[in-house]
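The values are calculated or read from the model by the stated rules, or taken from the named source; none is laboratory data. Since the structure is predicted, the reported quantities are computational estimates derived from the model, not experimental observations. With ideal geometry, Cβ positions are generated from the backbone for all residues, glycine too; neighbour counts draw on all protein chains shown. What goes into the accessible areas is simple: the full protein's heavy atoms, side chains included, and nothing from ligands, DNA or RNA. Shrake-Rupley method; radii C 1.70, N 1.55, O 1.52, S 1.80 Å.
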Amino acid sequence: MAIIRGNEPEIFAVVTVSSSPARAAFFVSNIIVTIRPFDLELHFNELSLKVIVDNHDDGRLHHLGHLSENSFKLKDNIELAHDFVIAQLKFDFVSDGRHTLVSAHFQADQLDQIRTPYCISAWGEKADDTAKMGCEIYLFRDDFTETDDIRAMERIIELLPETSAMKAFFFGILGDMISKISSNSAVKVLSSYESAANLSFPDDMRKTTLLSKYGAALAQSYDANKDMATLRKSIGAMDGALALYKERMDLALDLLAELGILYQKLFFHTGDREHINRAISLYEMAANITPDDHPQKSYRLCNLGILLRGRFKDFHNLDDINSSVVIHEKALELGPKDYVWMPTSLRYLGVSLQMRFERGTRDIKDLDAAISTFERILNLVPNGYAQRCPHLSKLSLAYELRFQHSGSLDDINKAILLVRECIECAGSSHAEISPYLNNLATSLSLKFGTTGDPETIDESINVCIKAIDLAGQEDDGYPSYVANLSDAYGYRFERFGNIKDIDKSIELLQKSVESTPDAHENKFTQLNNLSLAFYRRFGSTGDLKDIDDSILIAQRALSLNPTSDTKSAMIFNTLGTAYQIRFSSRNDISDINEAVAAHQNAVKFTPATHPRYPLSLNNLGVSLNTRWRHSKHLKDLDMAISILKTSISRTPEGHSALCSRLSNLGLSHRLRFEHTGNIFNADQAILVMELAVKTTPEDHSKMVGHVQNLANAYMTRYRHSHSKGSDDIERAISLYTQVLEREPSGDASRLMSLNNLGTAYLLKSVHTRESDPLVMAASQFRKSIKCVNASPSRRLYAARQLGAICDPHNPTLSLEGYSAALGLLPQVAWLGQTITDRYAKLRSLTDLTSEAVATAISFKQYETALEWLEQGRCIVWNQLTELRTPVDELREAAPQLCDKILQISQYLEQAGNSDDFLANDNAKRALSEELKNKQHRMAEEWETALQNARKIQGFEDFLKPLSFSDLSKRAPADGPIVVINVHATRCDALILTQGSTTARHVALHNVTLDRAETWKKSLQGWLEYRSLRMREARTGRVDKKVGPNLEDVLSGIWFNIAKPVIDELGYAPSDNPPRVWWCTTGPLSFLPIHAAGIYTSEASSHVSDYLVSSYTHTISVLLGGERPREFTGQLALGVSETLVDSLPIIPNTEQEISSIQQQFEERGLKMLSLRDGEATVKSVITGMENHSWVHFACHGVQNALEPMKSAFYLRDGYLELYQIIRKRLSKADFAYLSACETGTGHEKLSDEAIHLAAGLLSAGYRSVIATMWSINDEDAPTVAKDVYTYLLVDSDSLPNSSNASRALHYATRRLQESKSMDKASKFSWVPFIHFGI
């Protein structure tokens, strides 16, 4: 018996306990915990104490010891009231001035023996009936009822004063009672515990129990509803309880562990490192305080090891995983050695060892130790036990991982054997067997990757299907099973090339990705695999959307895993390969640079011991090979060779990827031979590629590529070194033929094989001078042109080759080839790219049009030649014109299609002028790729929309290249258009006049491409010699007696070009000469045809004596634009000094603008002048939108590297060409560009007319005065004044821009006459030229 004596008045709580010693000990220990805060004496007799010590659990025994240490007294002379009564309690509390008795008991048969006398002494006459109903509280009984017991307890709590310490105690008891009798009363439980915690005094040690119970109830509520606020309240309650223990944490071991669990759950929500650190700190404290011989020690160590492993997984601190391994080893050492605990402890140790290998050290000893640990588990768990299954699975996965590291077939075979045993052990339970079937499928797929055995991959697919069927869509693992099935289909496609397999793979992966949340750990891998699948399919279909989607998906995957680890390396490999493939299709240099960068990251983030390291090296080597074809930098090739050799050395013998890596190394040697001519590289290429072919299984999908690479090596050695005889070319032809026999007829890669075979036959014909190989070559190239799904660049190569080799043998085939080539130009430089990228594509094709035209002229197909000149030049300007073509007539026939065309055209025009794709910030790359992808799709939709329009009757030729009859019918009536084509083979002029049925031809026999280039270089030398590249003030005379002679250039042009054309036209000198438009090509585009003549004798003769010259970059610019737009005002701007660059001051801009303003004001015409600071980019653009005429007096510059950034220098910045052409200037009519180089094109893109004057024509201006080079600042106001004097001469009508060419002719003739005697400036009038109507 234990008696507790307190202060008066005395109230006794009589506790009756069953005769069970254990039950009695448990109850007494609860009493001890409850009364600890009171100033009471605790007395036990020897018998009672012995019962407690013998039967008390270890946790409760500490409480008893604690009480003893705090001077509670033990006495032996306690009088027993009853054999079963072991505790008599007296508490000090009062309710409404009355005493209240609380009694509790365990067995009803003992109640009557003791309750009556104590009740009488306690209650007396002051107890009322309601209170008596609450006297019997059965604290440790399982059959509480809400009506009797809980209501009685609630009544007692109601009677207790707020100041009573016992009120908190009974709230806690109420919470215990409710939680025992009802699982649906969480709210009442929480309310009771919360009241108990809030009412207990801060220094009341019972508060620890109440806060702990409150925290536990909150934790239980959080587990049900996952409410973060509830979790945080739970942690707050338990943190409060823990704080009360102060220096006695040895009494709070369970609380430490429970609180650690809560912080771990909070970390799962927040990802805040501080939360997982706190969880580990609490577990660590619990584990350290617990003695080694305590039965809980090993459990607490295991939990600590698990937490450390989790933190390592999230934050990659190697110390964490090292500590986890050490702690699990200690837990194994201290824990029970029974069959229940040992397998669990071993499993935890094995998992940490495996993770340390996978994500940390890559030390194979760790993985070997993990495998050994898992094998120990199997020795402890007998065969046939269901508990054996997870351990078999874990060991199987470990062997699978070691296979991925070592490539040993023994490991993957062992993995497969173990997982098969696991499936057999699991039985037929769907929930158990599906994950194991999925693991088996994965192992089979991995084995297939090495052996290439078709039965293995077939079984993998069948096992995956079975796993999916058994699991059903509601299974948590369903997305993973679907993803694995998709992978298996992908592997089989890569091996055997059946397009149905990759289609199925993509379909499954898309479903898996859609059903998996972004936060799921498998989402990253699923996106990677989907990206892989799309670029694999692109290799067969050539559908650009597939490769665009591949890149976009890979970018999305990277955004989900911003860390730099092996997962990132995996997606970098995928992304790099996708970029490389797209580069091969579209030749966008940014793609191959992105590919190299991505593969470099893949190598960087892949440990050298990782099984994917050789793959990453191989991919980087391949991308460097590909980039060399564009850059021609030898360092790319040398690096590729070194990297590919390392990749091969690290690839296990017999690995299925070895043959491809050998083939790639051979390719590097072949490319190096092309670059250096070193025969060693050619021989090495053939040697390595023959080994690659030899080690490739006959039914492998890569066999075609490897054979083709070998054929390329033979052809390259033949082309560059005939010392090997004719065997090399015969072998190449034989191998190419084999490749074509293997490739499906609709495969996109077939075009490359046809091109290669055609090229081989062409080389043979050149060497043997036989006609049969030429016929065979033409046959292959014709087939290539018809591969509509293949790369436009490669089709264009075939078309150009067909045109070239059939000239002059077969005019029909030759014209067919060039016609196809010119038709493909807009697809090579297509609308899905920015204008800058399109120009980059066209640089390598600058002479295609002149070559085709020269061939057509040689066959006397003059009309075709004119059509081709119009079709094949100024591709980008023509595309922009198409996008802006009015569609009013189409609207009447198909209004919805018309709206669609307008919507697409507006988007493509803006996207083409955008520089958003130039993002070099990693954060912007994904968005950049999305924009590029959208532009690609819109370009495809544009083509589809045009095709649909052409199906409508009357619109069959909608936006097709114009025929000769259309050009002739719509040509200007004021004069002929003279188109001059110059090519290495010939130079000709073609003359188009309105209404003509044929084009007039003038053979310019004395003009060659070399001679034209010489004239251009002489002119450039003359300009550089006189520093005539920029408008500026010049003082004094420049009288240099040496240097290039412009007079020789102009006379050469006169005799060999201008005079023959004038003679053909029958023109004679005149005071009112007719107009002629010059449309020149190649180097002639940079020559002043309008100034040609003889200037060295008195019998001088000049073009300007015979005609008024204008220029045009295309014929179509002049069509249907003879009627001027209504004059709405003149904008004149002058900037003498810009703030953006250090350029010379041009002081006469003020004089120039003032003169113009005076002329317009005298006529009463609308005029806006912007001088210096007023001429900002914004104000000028606004002025251009509101005025039909504009005059620029400022610096201008031609940007050779980025032509679309050629610009006018304004006060606050640059008004660039791309900013002008993106504006739809509806009022635009006439522009005068009194600036330098505004009519000068790009040397490497001479036929594209990339200059400011062409930009203004494209923006809507019909007539433009520009300059070919710099102009004298003193001449500019004079010429401008004379031009406007001519234009404004008729005071009875509005100004007419159609007179601009004659106005300039008038002004320059006056300047020429005024400077005729001044040798230094006699040609200062020459740079002024006119474009347009």
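Miscellaneous remarks
- Some residue of segment 302-324 being more than 16 Å from Arg359 (Cβ to Cβ), open to solvent by 10 Å² or more (accessible area, probe 1.4 Å) and hydrophobic (A, V, I, L, M, F, W, C): no
- Top-ranked residue of segment 1273-1327 - restricted to ones that are of a type in the set (Asp, Glu) and surrounded by 15 or more Cβ atoms within 10 Å (Cβ to Cβ), ranked as nearest to Phe1230 (Cα to Cα): Asp1282
- Flag if Ala1231 is open to solvent by less than 20 Å² (accessible area, probe 1.4 Å) and either hydroxyl-bearing (Ser, Thr, Tyr) or under 30 Å from Asn981 (Cβ atoms) (or both): yes
- Unique residue being of a type in the set (Gly, Ala, Ser) and at pLDDT 85 or above when the list is Ser550, Ser540, Ser564, Ser585: Ser550
- A Cβ distance below 8 Å, combined with a sequence gap of six or more or placement on separate chains, defines the contacts here; from segment 334-363, residues that are of a type in the set (A, V, I, L, M, F, W, C) reach residues that are open to solvent by less than 30 Å² (accessible area, probe 1.4 Å) and not in a helix (DSSP H, G or I) in the pairs Trp341/Gly335; Met342/Gly335.
- Failed condition for Gly1043, given (1) touching a helix residue (DSSP H, G or I) at 6+ places or on another chain (Cβ under 6 Å); (2) at pLDDT 95 or above; (3) surrounded by fewer than 15 Cβ atoms within 10 Å (Cβ to Cβ): (2)
- Only listed residue being within 28 Å of Thr451 (Cα to Cα), in a helix (DSSP H, G or I) and touching a Cys at 6+ places or on another chain (Cβ under 6 Å), chosen from Ala685, Ala640, Ala692: Ala692
- If you go through segment 1284-1333 and keep only what is small (Gly, Ala, Ser) and in contact with a strand residue (DSSP E or B) (Cβ under 9 Å, 6 or more places away or on another chain), you end up with Ser1297, Ser1298, Ala1300, Ser1301, Ala1303, Ala1307, Ser1321, Ser1324, Gly1332.
- Matching helices (runs of 4 or more DSSP H) fully within segment 539-629 where at least 2 residues are farther than 30 Å from His316 by Cβ and in contact with a Ser or Thr (Cβ under 8 Å, 6 or more places away or on another chain): 544-560, 566-586
- Number of positions in segment 967-983 that are free of Cβ contacts under 8 Å to residues at least 40 places away in the same chain and open to solvent by 10 Å² or more (accessible area, probe 1.4 Å): 1
- Condition met for Ile1265 (aliphatic (A, V, I, L, M), part of a loop (DSSP other than H, G, I, E, B), in contact with a helix residue (DSSP H, G or I) (Cβ under 6 Å, 6 or more places away or on another chain) and in contact (Cβ under 8 Å) with a residue 60 or more places away in the chain): no
- Here Arg1000 fulfils each of the conditions (1) of a type in the set (D, E, K, R); (2) out of contact with any strand residue (DSSP E or B) (no Cβ under 7 Å at 6 or more places or on another chain); (3) over 30 Å from Ser1142 (Cα atoms) apart from (2).
- For Leu634, the conditions (1) closer than 29 Å to Phe403 by Cβ; (2) among the hydrophobic types (A, V, I, L, M, F, W, C); (3) under 34 Å from the mean Cα position of the chain (by Cα) are fulfilled apart from (1).
- Number of positions in segment 1138-1187 that are closer than 24 Å to Tyr1218 by Cβ and not small (Gly, Ala, Ser): 17
- Residue in segment 421-431 that is open to solvent by 40 Å² or more (accessible area, probe 1.4 Å), modelled with pLDDT under 85 and part of a helix (DSSP H, G or I) present: yes
- Filter result for Thr1240 (open to solvent by 10 Å² or more (accessible area, probe 1.4 Å) and either over 43 Å from the mean Cα position of the chain (by Cα) or not charged (D, E, K, R) (or both)): yes
- Unique residue being touching a Lys or Arg at 6+ places or on another chain (Cβ under 6 Å) and surrounded by fewer than 21 Cβ atoms within 10 Å (Cβ to Cβ) when the list is Asn1199, Asn1186: Asn1199
- Unmet requirement for Glu851, which otherwise passes all of (1) farther than 27 Å from His936 by Cβ; (2) touching a Lys or Arg at 6+ places or on another chain (Cβ under 6 Å): (2)
- Among the candidates Asn288, Asn322, the residue that is in a helix (DSSP H, G or I), closer than 25 Å to His405 by Cα and not β-branched (Val, Ile, Thr) is uniquely Asn322.
- Members of segment 453-491 found to be over 14 Å from Ser512 (Cα atoms), open to solvent by 40 Å² or more (accessible area, probe 1.4 Å) and in contact (Cβ under 8 Å) with a residue 40 or more places away in the chain, listed by number: Pro454, Leu470, Tyr491
- Arg356 vs. criteria of a type in the set (Lys, Arg), in contact with an Asp or Glu (Cβ under 6 Å, 6 or more places away or on another chain) and closer than 30 Å to Thr609 by Cβ: yes
- Residues in segment 522-557 that are of a type in the set (S, T, N, Q), within 17 Å of Asp591 (Cα to Cα) and open to solvent by 10 Å² or more (accessible area, probe 1.4 Å): 1 in all.
- With respect to the conditions (1) free of Cβ contacts under 8 Å to residues at least 60 places away in the same chain; (2) open to solvent by less than 40 Å² (accessible area, probe 1.4 Å), Ser1097 falls short on a single one, namely (2).
- Members of segment 252-262 found to be open to solvent by less than 30 Å² (accessible area, probe 1.4 Å) and assigned to a helix (DSSP H, G or I), listed by number: Leu253, Leu255, Leu256, Ala257, Leu259, Gly260, Leu262
- Residues (more than 44 Å from the chain's Cα centre (by Cα), of a type outside the set (Ser, Thr, Tyr) and part of a helix (DSSP H, G or I)) located in segment 942-974: Phe964, Asp966, Leu967, Lys969, Arg970
- Any hit, segment 1315-1332, residues being of a type outside the set (Lys, Arg), assigned to a helix (DSSP H, G or I) and in contact (Cβ under 8 Å) with a residue 60 or more places away in the chain: no
- Some residue of segment 1304-1326 being closer than 30 Å to Asn878 by Cα, within 54 Å of the chain's Cα centre (by Cα) and not polar (S, T, N, Q): yes
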